[in-house]
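Novice: Sharing a structure below in structure tokens format, with a few things to ask.
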Amino acid sequence: MRTVDWAAWRPRTSVPEGGEGLREQKKRLLRQRLSDTATEMFLERGFDAVRVSEIAQACGVSEKTVFNYFSTKEALILDQGESTMVALRDGLADTNHSVVEAVLGILSGELGVMTSWIAAQDDPVQAVGMVRRFGALTRSTPSLRAYHREMTDRLVAVAAEALARRDRTSPDEPEPQIAATALVGLWSVQFRSLGKHLDGARTAAQIHAAVTADVRRAARLIDIGLASFASA
């Protein structure tokens, strides 16, 4: 089954220093194939109409193998959250940058991967349409919306813990809680901005510039609010 390389516009899993062993490479490629195949099938038939066993069969593996790589059916298509979580934890731990700068760097990297993928396609307009279908699927499927909310809550918890460590306070205190919620909210701003600017008329570079401008406008408001947060 030929699939679109959806993983090409998602942040790549980092390869360990010194290279990647054959076993690790095979596992990474199978994980990518499972996610790409699932995404294609979900877009074609709808998320609820596709069984995990069908995805497994299309990839020549068992259903158990699929769940060895993905904890839930929803994670097959919304698999970027885990890499975002790692990047957020590491970025906020770096005290050489403000927390807003750290988050903007992560968002810019994720946006750049997507727009570079669009620009590299033979038909960028068709590629934009595919990304819009991906977004529409996640918005219209209740279980995917619930999974996205759960992942957002986990991102807020990770951010609150990192901010509390920077400020030597508890993640349960109001300041790191509201700061974390605001920072993670920038992902929603970027997602909505993409929905607005992925109109088929703009080039990949124009999409990148327009979305970046929207995110930075929102970030400026957050930066002002975080000025009183001691380590921000």
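Novice: Pull out the extension gain between VAL61 and ALA120, defined as 0.36 nm times the separation in residues minus the alpha carbon to alpha carbon distance; nm, one decimal.
Specialist: 18.2 nm
Novice: Here is a follow-up. With +1 on each Lys and Arg Cβ and -1 on each Asp and Glu Cβ, how big is the dipole of the range 77-185 about its Cα centre, in debye rounded to the nearest 20?
Specialist: Value, rounded to 20: 320 debye.
Novice: Would you kindly state how much longer the chain becomes between LYS196 and ARG89 on full extension, computed as 0.36 nm times their sequence separation minus their alpha carbon distance, in nm to one decimal?
Specialist: 35.6 nm
Novice: List the residues of the range 100-132 whose backbone N lies under 13 Å from a point placed 7 Å from the Cα of GLN206 along the Cα-to-Cβ direction.
Specialist: Those under the cut-off are 125.
Novice: Output wanted: per-residue J couplings in Hz (rounded whole) for the range 142-159, from phi through Karplus 6.51 cos²θ - 1.76 cosθ + 1.60, θ = phi - 60°, x for Gly and Pro.
Specialist: Each residue's phi maps through the Karplus curve to give x, 5, 6, 5, 5, 5, 5, 5, 4, 5, 4, 4, 5, 5, 4, 4, 4, 5 Hz.
Novice: Now for a different question. Convert each backbone phi in the range 32-45 into a coupling constant with the Karplus relation 6.51 cos²θ - 1.76 cosθ + 1.60 (shift: θ = phi - 60°), then list the ³J(HN,Hα) values in order as whole Hz, x for Gly and Pro.
Specialist: Values per residue, Gly and Pro as x: 5, 5, 4, 5, 5, 5, 4, 4, 4, 5, 5, 5, 6, 10 Hz.
Novice: Now for a separate question. Within the range 65-97, which residues have the backbone N less than 14 Å from the label spot 7 Å out from ALA146 along Cα→beta-carbon, could you tell me?
Specialist: 72-75, by backbone N distance to the label point.
Novice: Along the positive direction of the dipole of the range 84-167 (beta-carbon charges: Lys, Arg +1; Asp, Glu -1; about the Cα centre), which of SER116, ALA93, TYR147 reaches farthest?
Specialist: In the range 84-167, that residue is TYR147.
Novice: Shifting gears a bit: Against the empirical 2.2 N^0.38 Å scaling, what ratio does the C-alpha Rg of the chain come to?
Specialist: Dividing the Cα radius of gyration by 2.2 N^0.38 Å gives 1.07.
Novice: Between HIS97 and VAL113, what is the label-to-label distance in nm when each label sits 7 Å out along the Cα-to-Cβ direction?
Specialist: 1.5 nm
Novice: Would you calculate a helix-derived [θ] at 222 nm for the chain, using -39,500 (n - 2.57) for each DSSP H run of n ≥ 4 and dividing by the full residue count, to the nearest 500?
Specialist: Helix-only estimate at 222 nm: -24000 deg cm²/dmol.
Novice: Which FRET efficiency, nearest 0.05, do SER170 and ARG220 yield, Cβ-Cβ r, R0 25 Å?
Specialist: Step by step, r from the Cβ atoms, then E = 0.35.
Novice: If the cut-off is 15 Å between C-alpha atoms, which aspartates and glutamates fall inside it for LYS196, apart from same-chain ones fewer than 8 positions away?
Specialist: ASP214
Quick note: the coordinates plus some simple rules give every number you see, no bench work behind them. In this text the structure is predicted, and so the values were computed from the model without any measurement. Cβ atoms come from the backbone with ideal geometry, glycine included; neighbour counts cover every protein chain shown.
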